[in-house]
Structure formats: structure tokens, C-alpha cells
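> The structure's right below; bear with me while I get my questions together.
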Amino acid sequence: MNAQAIHMPVINSLDFSRKAQEFHDIIPLLRFSRLGEYLADANGSLDITLSGVVGKSGEPGLRLAVQGALNLTCQRCLDSFEYLLDVTADFVLVTSEDAIPSPDSDEYDDEVDYLVAETQMPVMDLVEDEILLALPLAPKHAEKDCLASSKVELEKPSPFAALKDFKVGGSQND
Ligand SMILES: [Zn+2]
């Protein structure tokens, strides 16, 4: 078994879980096809670890950890910035869609995701789904690092600001 050598690993998810197998790889961002449109550029790579685990009640499961830095475009100033991704997701494997407990039942665990077991599961799909879920909907710099917010501060000492002060009344909503 040499998981590292497999370019695009496909696992038998139940088997992988029961045998407590582990897959670890460092995957360049370029290899994720769906991720591209969310990235400012495809520089960098992500550290992926997928492990076969046993759930709280002995059910077969998978644990996925994804870590790394990617470049997103700030929605406020349109400049790119580095976003640190650090995601851990737990999955419980079920044999079919019907075996997923309904959200209001006692067996339902909202800390895990239910995943239908497959004999040929592409690891990349699972990883990419998880990354897409983890990305912010409207990525933005932290306020202090954002070009758009520093621009606002630079405008303050402009001569026009001083002129405004001479206007009498009615300009409070400017
Ligand atoms: Zn910004």
C-alpha cells in the first residue's frame, strides 16, 4: 500500500475506515478544478490528511484535515490577500441516503457530516467540497490591512474636509 504514489486517489470508503487507513499528501492548488474561480491565483498547495476512524457509537467514519494558505480577492479593495485554511471535518459513513438519520431524530449528530459509502470514492472531490464550504462568502482583508479602509483614513486630513466645516447646517448626513 503506497497511497502517496497514487496521483488522484480513489478509496473504498468503508474499507478505508475499517482498516484505519491514512492518506496524506500535499496537493498544489492548481489541481483543484472547481476552486479556481474563488482564488486570486493558484499559487500554493494544501496539506491533506484523510484518516479512517471509528465514530462514538462504533460507526465507520472518516476524518479529513486540510491546511494551507491560499490567495483570495478582497471584496472591499479587490487586492489579493493570504487566507489561512485550517479545516477538520468528521464524516460518518452510511450505506445509503435512507440511512442518514433525520435532523430531528435522537441519532442525528450535528457535529458530523453523513457520507454515503462508496467503493470508488475520489478523495479530491471530498477535499474540494470541504474547502469550498470553508471559504468565506465575501472574503475581506482584516480592517487594518485593507487598502479600502486605509484610503478612507487618508482622506480625512484633505483640505476639503476643512472646507466642509465652514458650511452651516444641513450637511450632517454627508
Ligand atoms: Zn481589502
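> Can you name every residue in segment 134-150 that is assigned to a helix (DSSP H, G or I) and either aliphatic (A, V, I, L, M) or open to solvent by less than 60 Å² (accessible area, probe 1.4 Å) (or both)?
If the condition is that a residue be assigned to a helix (DSSP H, G or I) and either aliphatic (A, V, I, L, M) or open to solvent by less than 60 Å² (accessible area, probe 1.4 Å) (or both), then Ala134, Leu147, Ala148, Ser149, Ser150 are the ones that fit.
> Shifting gears a bit: Which condition does Ser80 not pass, out of (1) among the polar types (S, T, N, Q); (2) open to solvent by 40 Å² or more (accessible area, probe 1.4 Å); (3) more than 24 Å from Ile11 (Cα to Cα); (4) within 13 Å of the chain's Cα centre (by Cα), if it passes all the others?
(4)
> Are any residues in segment 65-77 open to solvent by less than 40 Å² (accessible area, probe 1.4 Å) and either touching a residue at least 60 places away in the same chain (Cβ under 8 Å) or near the ligand (Cβ under 10 Å from one of its atoms) (or both), and if so, which ones?
Val66, Leu72, Cys74, Cys77
Rundown of residues vs (1) of a type in the set (D, E, K, R); (2) open to solvent by 40 Å² or more (accessible area, probe 1.4 Å); (3) under 17 Å from Met121 (Cα atoms), yes/no style:
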| site | (1), (2), (3) |
| --- | --- |
| Ile11 | no, no, yes |
| Asp15 | yes, yes, yes |
| Phe32 | no, no, yes |
| Val53 | no, yes, yes |
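> Restricting to segment 47-77, name every residue that is part of a loop (DSSP other than H, G, I, E, B) and under 21 Å from the mean Cα position of the chain (by Cα).
Answer for segment 47-77, where residues must be part of a loop (DSSP other than H, G, I, E, B) and under 21 Å from the mean Cα position of the chain (by Cα): Cys74, Gln75, Arg76.
> Can you find, within segment 86-133, the residue that is most open to solvent (accessible area, probe 1.4 Å) among those that are more than 23 Å from Arg18 (Cβ to Cβ) and in a strand (DSSP E or B)?
Ranking the candidates gives Asp86 first.
The values are calculated or read from the model by the stated rules, or taken from the named source; none is laboratory data. In this text the structure is predicted, and so the values were computed from the model without any measurement. Counting neighbours? That spans all protein chains shown, and the Cβs are built from the backbone with ideal geometry, glycine included. With ligands, DNA and RNA removed, areas are computed over all heavy atoms of the protein, side chains included. Shrake-Rupley method; radii C 1.70, N 1.55, O 1.52, S 1.80 Å.
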